[in-house]
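Here the structure comes first, spelled out in structure tokens, and everything after it is commentary.
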Amino acid sequence: MRHYFCGPLRVSVDAQTHVLHEKVAETLRLYDRRWPAAEQPVALTVVEANGSAPALGRGTFLRCARMVVDSAGDGLHATTISGSQARSRTNAGTEHWSIDVPNAALGTAAFNDVEDLVVLALTSGWRKAGWVPIHGAAVAKDGVCAILCAASGVGKSTLTAAFIRRGWHAVGDDKLLLRVTSEGPELAALQGTFNLHPQTQAWFPEVGELEKLPLYSTWTQKRKVRVDSIWADAVVATATPTHVIRVRRDPSSSALCVRELPPADLFPTLIRQIAVPTERAAASLILRTVAPTLRRVQGLDLAVGNDAYRRADALDALETALR
Amino acid sequence: MQMFDRVAATQMLTLRPTIAAAVLDDGAVLLDLTSKYFYSLNGSAWAIVQLFETGASAADAERQCAAWGGDEAAAFIAQLMRYDLLEAAAAGAVTVEPPAYHGPWIAPVIEQQAEPLERVIVSAFDPSIPLAE
């Protein structure tokens with residue numbers, strides 16, 4: 001059995017084979033920020049399964065592209081379209097996940113479905129620890145912290161890199177945790193890596209020749225690089241959010257155009273970065289975290305034009321708006 | 001008293017159990033966990049909706065709304081029904097103390113967001129629309 005630390009979680013992995021262990025560890029290593037107090041225990045047991053695949057569930061808790069999740073007793077039951085499944089139960093404060101992977105899936109593309117199951121276990125653990133996972137980026141400097149909200153591929157990572165070049169710190173590039181305590185909202189980092197597109201080098205030469213790095217996914221040309229391998233001390237562990245920036249592409253422009261975000265658009269902007277389960281308790285935690293956060297932040301709308309980062313002063317107006 | 005499409009004014013109603021709420025500075029947001037639609041409410045709309053958290057009849061809501069200084073409850077409840085946010089309360093549902101409403105009464109407004117949250121997403125962490133394989 002080996003242990004991994006994924007933000008506030010201490011994850012133990014007991015896998016039947018080395019191949020299964022490495023597949024699970026591959027996902028766990030993506031969340032490579034070890035927090036000083038990683039106290040929420042999660043236990044993963046992974047075995048090869050023989051026989052027929054389980055029937056796909058109904059998705060009463062969550063429906064994903066290759067996985068559906070159902071509430072089952074006091075835990076969850078997830079099934080993937082390739083026949084892997086996971087069941088959770090909580091015992092003495094530890095959430096135990098039993099993951100079965102059909103041996104026919106080993107070494108095939110279907111083996112990647114294990115990642116979905118592991119991410120489900122992590123998100124469940126983070127919520128039990130009081131944190132809401134946010135699929136977004138964040139940058140911080142001098143008491144200002146902006147959450148960058150956009151769909152995948154719009155340019156959160158590139159914008160984060162542009163901020164870092166101007167002395168800002170990244171709280172995260174793609175994956176964050178948010179909670180609200182008596183002292184207010186707190187944002188925390190889960191990763192010290194960037195997913196950057198090779199064309200980023202055209203604007204930021206110091207990132208180097210990213211195309212020489214291996215692809216980390218068949219779905220994107222982006223490469224995964226450690227932030228501190230490019231910019232030293234560029235990542236901070238936590239920050240208090242002060243702004244939410246809705247980032248969108250504007251092909252008709254060649255600049256960055258910033259304006260105030262209408263108040264009515266703040267909630268939709270942030271909630272669309274969060275996977276909201278259908279279960280009321282899980283959804284309520286998310287809403288109880290998002291709503292007080294929004295009372296403390298200002299909203300900005302940022303339109304990113306083509307080749308907007310070519311200009312050295314591209315971020316001037318945005319930085320002014322954040323002050 | 002205005003009657004509603006499907007229920008009598010004395011029928012006890014509650015918010016559907018699939019509705020989650022978040023209180024914001026100037027009102028609230030309701031999220032329908034089944035349809036994934038969410039709704040923005042101003043302060044007076046949220047005050048009326050809170051009457052249905054444990055159970056209230058349309059007549060109860062109209063009386064309370066009048067006490068707050070408004071006369072739009074019937075039309076507003078009809079709107080909640082059209083959005084399918086209310087259902088008949090279970091037997092034994094009781095009306096509780098109404099929430100406090102501060103300040104001058106303004107007409108209740110509920111707005112449905114044009115686009116619901118995605119019903120099928122990439123993963124438990126990533127709420128994006130999955131790419132076609």
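The table below lists the values:
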item	result
Which listed residue, of A:A105, A:A43, A:A92, A:A49, is farther than 21 Å from B:I121 by Cβ, in contact with a helix residue (DSSP H, G or I) (Cβ under 6 Å, 6 or more places away or on another chain) and assigned by TED's automatic domain parsing to the domain that holds A:R10	A:A105
Qualifying strands (runs of 3 or more DSSP E) (wholly inside the range A:212-323; at least 3 residues being farther than 23 Å from A:H197 by Cα)	A:256-260, A:298-305
Lone unmet requirement of (1) more than 19 Å from A:D173 (Cβ to Cβ); (2) modelled with pLDDT of 95 or more for A:A255	(2)
Residue check for A:R296: over 23 Å from A:V119 (Cβ atoms) and within 14 Å of another protein chain (Cβ to nearest Cβ)	yes
Strands (runs of 3 or more DSSP E) (entirely within the range A:61-155) containing at least 2 residues that are of a type in the set (V, I, T) and under 30 Å from A:L300 (Cα atoms)	A:132-134, A:144-149
B:L85, sole failed condition from (1) more than 8 Å from chain A (Cβ to nearest Cβ); (2) at pLDDT below 95; (3) out of contact with any Gly (no Cβ under 9 Å at 6 or more places or on another chain)	(2)
Residue under evaluation A:I274, criteria (1) more than 14 Å from chain B (Cβ to nearest Cβ); (2) under 30 Å from A:H77 (Cβ atoms), criterion not met	(1)
Candidate set: the range A:277-303, residues that are open to solvent by 10 Å² or more (accessible area, probe 1.4 Å) and β-branched (V, I, T); chosen: the one farthest from A:S253 (Cα to Cα)	A:T278
Qualifying position, being over 17 Å from the mean Cα position of the chain (by Cα), more than 10 Å from chain B (Cβ to nearest Cβ) and over 21 Å from A:T200 (Cβ atoms), among A:F163, A:F111	A:F111
Residues located in the range A:69-95, provided they are closer than 19 Å to A:A110 by Cα, within 14 Å of another protein chain (Cβ to nearest Cβ) and open to solvent by 10 Å² or more (accessible area, probe 1.4 Å)	A:H77, A:I81, A:S82
Of the criteria (1) of a type outside the set (G, A, S); (2) within 19 Å of A:R323 (Cα to Cα); (3) without any contact (Cβ under 8 Å) to a residue 24 or more places away in the chain, which one A:V258 fails	(3)
Answer from B:E115, B:E53 - the residue that is open to solvent by 20 Å² or more (accessible area, probe 1.4 Å) and in contact with a strand residue (DSSP E or B) (Cβ under 7 Å, 6 or more places away or on another chain)	B:E53
Residues (under 20 Å from A:T108 (Cα atoms), open to solvent by 60 Å² or more (accessible area, probe 1.4 Å) and touching a residue at least 60 places away in the same chain (Cβ under 8 Å)) located in the range A:1-56	A:V19, A:E26
Criterion (under 12 Å from the mean Cα position of the chain (by Cα) and within 14 Å of chain A (Cβ to nearest Cβ)) met by exactly one of B:I129, B:I77, B:I121, B:I110	B:I110
Complete set of residues in the range B:13-65 that are among the aromatic types (F, W, Y) and farther than 24 Å from B:E118 by Cα	B:W46, B:F52
Top-ranked residue in the range A:131-145 [being out of contact with any helix residue (DSSP H, G or I) (no Cβ under 6 Å at 6 or more places or on another chain) and in contact (Cβ under 8 Å) with a residue 60 or more places away in the chain; ranked as most open to solvent (accessible area, probe 1.4 Å)]	A:G143
Those residues of the range A:279-323 which are modelled with pLDDT under 95, farther than 19 Å from A:E186 by Cα and polar (S, T, N, Q), in sequence order	A:N306
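Quick grid of which residues meet (1) touching a strand residue (DSSP E or B) at 6+ places or on another chain (Cβ under 6 Å); (2) touching a residue at least 60 places away in the same chain (Cβ under 8 Å); (3) within 30 Å of A:A202 (Cβ to Cβ):
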{"residue": "A:R272", "(1), (2), (3)": "no, yes, yes"}
{"residue": "A:T293", "(1), (2), (3)": "yes, yes, no"}
{"residue": "A:N306", "(1), (2), (3)": "no, no, yes"}
{"residue": "A:A317", "(1), (2), (3)": "yes, yes, yes"}
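The values are calculated or read from the model by the stated rules, or taken from the named source; none is laboratory data. Note that the structure is predicted; figures quoted are calculated from it, not measured. Heads up, the Cβs are rebuilt from the backbone with ideal geometry, glycines too, and the neighbour counts pull from every protein chain shown. Just the protein is used for accessible areas: all its heavy atoms, side chains included, with ligands, DNA and RNA removed. Shrake-Rupley method; radii C 1.70, N 1.55, O 1.52, S 1.80 Å.
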